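Notes follow once the structure below has been shown.
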Amino acid sequence: MSRLIVRPSGPLSGEVVIGGAKNSALKLMAATLLAPGRYVLRNVPDIADVDTMSQLLEAIGCSVRRREDDALEIERPQRVTPEAPYELVEQMRASTAVLGPLLASEGRASVAKPGGDNFGDRPIDMHLRSLEQLGATFELSHGVIEGRADGLVGRPQVLEYPSVGATENLLMAAVLASGTTTIENAACEPEIADLAAFLNRMGAHVLGAGSPTITIEGVETLHPVEHVTIPDRIEVATYLSAVGVAGGEVTLRGARSDHLEILIERMGHMGLRISPEADGLWVRGPERPRATDLVTLPYPGLATDHLPLLVAVLSIADGTSFATENVFANRFRYVGELGRMGANIRVDGHHLVIDGVDRLEGAPVQAVDIRAGAALVVAGLGADGETVIHDAHHVDRGYASLVEQLARLGADISRDT
């Protein structure tokens, strides 16, 4: 397993080009299962999770090729094998996104129960219940979800929680269902709107994506298209947090401020100066961050993926901060690792109390998931001595070139394999 080594860095300076959104690209790749033909997806990050999804599509029967222009070319044949094997699904929770499109296009799907980051219990019951309302049936046998659908029929749906995954699976199934499907209390994330734009280019009729009410008029057939993935708002948060800890002045090319309004507002309270530019964001770090309060909520609220990064910044802030995690249970495993670096953070249920310290100390730590690993990188930029981040493969699942990009900005960071 590779390790990342981070040493204290001076102010960061320069430009970063933000890559495509992991959480969008994976679902766009799954959506190519809806119709045969050749698809071209541009701005797809060259990361481990995309490799895993590529292998999954290939196991189902597609061919996937990354071109020299960094576009992903996917060929979906007329017939596929609608089975997602355990050895791939257990690596990445987003693998469940193939369930809806396979049921819609093939009438059956065999998908192992998912793995991925360990944030506690995240059942997919809501996905299955929603698909059942369209006419699908499911059985769980030996850890594999066996789904069948002899013609899906559109119906009104009300999600008990605005789940991103459930909204995406339902959306991809409903586009080929007969009749009209409405989704109330739908997830509103930018990635949902990106998926809907892709489906509409394919010939679907989707209205309202990005709002709590989505209406889908089912169509009989879809066709392959080209599409450009939206920029990764979590990657943007990572570099903003790095500047929050190390200081300096950085421009993030391709970042979209309209996807990050709450984050920008909260980081402004922390002392960062952030301004939109024609093709991105400009940020200047403070001498020392200020304490503030944070609450994660479904979009447009503060993203749960942002919180570990912001907690790393607040661990050296002037004053006491409070943070509340409302999206996932058991997502505070990274707090103990920050504690190894001298952070003063107390956990009380789904709340954190963060007493900022003047300086963190470098230490050996473990990346327990993608964003936790990135948060430890951010913390290491402001720590005395050397921070060694073990299990760096988690970081590689979500970032194409974090080490190289930070190094170009002036960070003292390297990889030890």
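By the count of neighbouring beta-carbon atoms within 10 Å, fewest first, Thr417, Thr324, Thr96 end up ordered Thr417, Thr324, Thr96.
Rounded to the nearest 10 degrees, the inclination of helix 164-174 to the longest alpha-carbon principal axis of the chain is 20 degrees.
Among the GluC sites (Glu not before Pro) in region 324-417, those located in a DSSP loop and surrounded by at most 16 other Cβ atoms within 10 Å of their own Cβ are Glu386.
For region 230-334, the average shadow cast by the Cα convex hull is 6.1 nm², which is a quarter of the hull's surface.
Ordering Cys62, Cys188 from the fewest to the most neighbouring beta carbons within 10 Å gives Cys62, Cys188. Using 0.36 nm per residue and subtracting the Cα-Cα separation, the extra length available between Val228 and Asp318 on full extension is 28.3 nm.
Of all DSSP beta bridges confined to the chain, the antiparallel ones make up roughly 70%. The radius of gyration of the Cα set in region 80-233, together with its Dmax, comes out at 14.6, 39 angstrom.
A P(r) calculated from all alpha carbon pairs of region 222-270, with 5 Å bins opening at zero, reads 5, 17, 27, 22, 10, 6, 5, 4, 3, 1 percent. Across all directions, the average projected area of the convex hull around the alpha carbons of region 347-417 is 5.6 nm². The phi-based Karplus calculation (6.51 cos²θ - 1.76 cosθ + 1.60; θ = phi - 60°) puts the 3J(HN,Hα) values of region 265-271 at 5, 5, 6, x, 5, 7, x Hz, whole numbers, x for Gly and Pro. For region 207-223, putting each phi into the Karplus relation 6.51 cos²θ - 1.76 cosθ + 1.60 with θ = phi - 60° gives couplings of 10, x, 4, x, 10, x, 10, 10, 10, 10, 8, x, 10, 7, 9, 10, 9 Hz, in residue order, rounded to whole numbers and with x for Gly and Pro.
Where does each of Lys113, Lys22 land when they are ranked from fewest to most other beta-carbon atoms within 10 angstrom?
Lys113, Lys22
Calculated over region 281-417, the projected area of the Cα convex hull averaged across directions stands at 8.3 nm². A simple spin-label model places pseudo-atoms 7 Å from Cα toward Cβ; at Glu217 and Glu75 they are separated by 3.5 nm. Measuring nothing but alpha carbons in region 151-204 and taking Rh as the Kirkwood radius, the Rg to Rh ratio lands at 0.95. Every Cα-Cα pair of the chain was included, and the share exceeding 27 Å stands at 50 percent.
Read-outs throughout are calculated quantities, based only on the coordinates presented, and are distinct from any laboratory measurement. These numbers were taken from a predicted model, which means no experiment stands behind them. Positions of Cβ are generated from backbone atoms using ideal geometry, with glycine treated the same way; all protein chains shown enter the neighbour counts.
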